[in-house]
Amino acid sequence: MTNQHANRRVAYLLKTFPRLSETFILNEILGLERLGIDIQIFSLQKPENGPVHPAVAQVKGKVTYVPFRGPRLRLGDLGRLLLCHFMLALVETRRYCAAAKFFFFKPGKSRLLDYLQAGYLAWVLWRHSFEHLHVHFANVPASVAEVVHRLIGIPYSLTAHAKDIYLTPAAELARKIEGAECVLTCTAHNQRYLAGLASGRTPVRLAYHGVDVGRFGGRPPHAPTTVSEWPLIMSVGRFCEKKGFEYLIRACRILADRGYRFCCQIVGYGELQNELEKMIVDLGLQEFVELPGTMTQDQLAALYPRARMFVLPCLITGNGDRDGIPNVLIEAMASGIPVISTDVSGISELVQHLENGLLVEQRDARAIAEAMELLLVRSDLRSRLAQNGRETVLRRFTMEASALRVHNILCSVLDQGAPLEAPLNSKTDVATL
C-alpha cells in the first residue's frame, strides 16, 4: 500500500522485548509495520530465556538492547554508557546540563541507571536522525524517555496501560504526560483518569488493543469441547494477585462440592506459582485443577476451542494495581467461547453482562462458581454469549482496527500540528473502526 508516512522512522522504547505476556505490543508493532511505519525497537533489558510467540519472527524492525539492566555490572557496558554521556556533554553542553539538573533535582526517587541508559539511547537516536520516540508504559520507560527528550529535544508520545498508571504517583504521572506530545491508553476508564491529570495540556487518546482474529478464528465445526471426558474450564494470565486466580480455585472447590466434574486449566507463570500449587493441594483439587505452564499464542489458539468457558476473575489489589482489558479475554471471545470476568477497570467496555459474557463481583468465589455452573447447564446461553462475544471482537477489537487507530494518532503527531481526530468513546465512534 502507498503511505505518505512510509519510511518515516519511529523509535519504540520498551522495558523488555519480546515478552510472552505482552502480545498487545507485538500485535501493535506488526500492525504498524504493515501500515508503512518504520519501527526500530529499543529494549531496556533482554528477556529471560523461555518460549516466545512465533509471530516475533515476523517483526521487521531491528531490536537494540540498551546496556545494561540486570543483576551483574559489566565494565564494558558501563564504559559504553559513560562514553555516550561524554559525547552528548561535548556536542550539546547546554542541553546536557539542563537534563542533568532536571533528573537529579526532580521530586521523588531517581535511579542512576535510568539516567545512564537515557544517555545511551539519546546518543543513538541523535546519531541516526530519529524524529520521534514512542514509549510503552508510564513507569521506567517513560522515566528514560523524559531524559532523552531533554538531552536531544526529540518529541515523545506515551502509551500507558494498567499497573504503570495506578502505581505511579499522580504528580509524577502528570509531569510525564505534560512532557509528551500525546498519550494513548487502552481503556476509556484509563482515559478519563489520565485526562484529569493532563488538565487539557496534552491530548489523551483511546486505542483499544486488538487480536489477530485469523489466529483466534472461532470454534471450528466438530471441534472437541473437552480435553478429557470432563468439560474444560480455561484461564490464562500471569500468576499475580490482580488476576484473581485464588478465587477461581476456590470457586472450583465449590463447584466440585456440588457434584460437577470438570477440568480447570490455568495457563501461565509468575510469582504466585508455589502459592497456587499449594492451594490446589490443600483444597484437594488435584483431580480438577491443573497449571500446565506457559503457552505461545499458537498453542493457546489450539486450546481455546476445546474449552467450555473462559474465566478470568480480575481484581484491584490493595496498592491499586489492576488490569485494563486483558488480551486473553479478547482472544477467548474471538475463539467463540463464553467468558466470565469481573467489572473491574475497563473490562465492562468489552464484556456486557448477559449480552456477550458474564460479570461477577471481584473477590467472590461463590459468584464465580454460580456463573460457571450456569454455563455448564445452559448450552443455549453458552452459544448465545459465545456468538455475541465473537461479534463484539470482530466489530471493535481486531488487530487491524487497533493498529490503524495507533497509526493515525502517531501520524498526526509526526505531522507536527495536524489536528488529531476527536477521542473515541465506548458508545459511539469506536464501533466505526
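What follows draws every value from the coordinates through simple rules; no lab data is involved. Quantities reported herein were computed from a predicted structural model and do not represent experimental measurements. Every residue, glycine among them, receives a Cβ derived from its backbone with ideal geometry; neighbour counts consider all protein chains shown.
Each label point was placed 7 Å from the Cα along the Cα-to-Cβ direction; for residue 282 and residue 355 their separation is 3.9 nm.
Given the Cα atoms of segment 232-396, and with Rh set as the inverse mean 1/r over their pairs in the Kirkwood sense, what is Rg to Rh to two decimals?
For segment 232-396, the value is 0.93.
Give me the one-decimal nm value for the distance between modelled label points at residue 257 and residue 271, 7 Å along each residue's Cα-to-Cβ direction. Here the modelled spin labels are 3.0 nm apart. Of all the C-alpha pairs in the chain, what % are more than 38 Å from each other? Above the 38 Å cut-off, the chain has 25 percent of its Cα pairs. Counted as membrane-span-like here are DSSP H helices of the chain whose alpha-carbon atoms extend 30 Å or more along the helix's own axis and whose Kyte-Doolittle mean is -0.5 or above; there are none. Working note: 222 nm ellipticity from helices only, DSSP H runs with n ≥ 4, each -39,500 (n - 2.57), summed and divided by the residues of the chain, gives -13000 deg cm²/dmol to the nearest 500. Fully extending the segment from residue 230 to residue 97 would add 41.3 nm, taking 0.36 nm per residue of separation and subtracting the current Cα-Cα distance. Annotation: Cα Rg of segment 65-129 relative to the compact-globule expectation 2.2 N^0.38 Å equals 1.13. Extension gain, residue 408 to residue 48, is 126.3 nm, computed as 0.36 nm per intervening residue step minus the present C-alpha separation.
In terms of other Cβ atoms within 10 Å, 134, 85, 209 run from fewest to most in the order 85, 209, 134. The value of relative contact order for segment 105-219, using C-alpha pairs under 8 Å at least six residues apart, is 20 percent.
Taking a point 7 Å from the Cα of residue 87 along the Cα-to-Cβ direction, the residues of segment 33-57 with backbone N closer than 19 Å to it are 40-44. Cross-link check: pairs 106/163; 163/243; 163/242; 176/243; 106/176 evaluated at a Cα-Cα cut-off of 18 Å; pairs beyond the cut-off: 106/163; 176/243. Here the Karplus relation 6.51 cos²θ - 1.76 cosθ + 1.60, evaluated at θ = phi - 60°, turns the backbone of segment 232-242 into coupling constants of 9, 9, 10, 8, 9, x, 5, 7, 9, 4, 5 Hz, with x for every Gly and Pro.
Within a straight-line Cα-Cα reach of under 17 Å, residue 109 can be paired with the following aspartates and glutamates, leaving aside sequence neighbours fewer than 8 residues apart in one chain: 146, 164, 172. Extension gain for the segment residue 9 to residue 380, taken as residue separation times 0.36 nm less the Cα-Cα distance, is 128.5 nm to one decimal. If R₀ is 56 angstrom, what is the calculated FRET efficiency for the pair residue 290 and residue 75, using the beta carbon separation as r and rounding to 0.05? With R0 = 56 Å, the Cβ-Cβ based efficiency is 0.75.
Rounded to 0.05, the FRET efficiency of the residue 400 and residue 170 pair, given R0 = 35 Å and the Cβ-Cβ distance, is 0.50. Shown for 271, 146: other C-beta atoms within 10 Å of each C-beta, ranked fewest to most, produce the order 271, 146.
Each of 379, 43 was scored by other Cβ atoms within 10 Å of its Cβ. Arranged with the fewest first, they read 379, 43. Note: relative contact order over the chain, using C-alpha pairs below 8 Å and six or more positions apart, is 15 percent.
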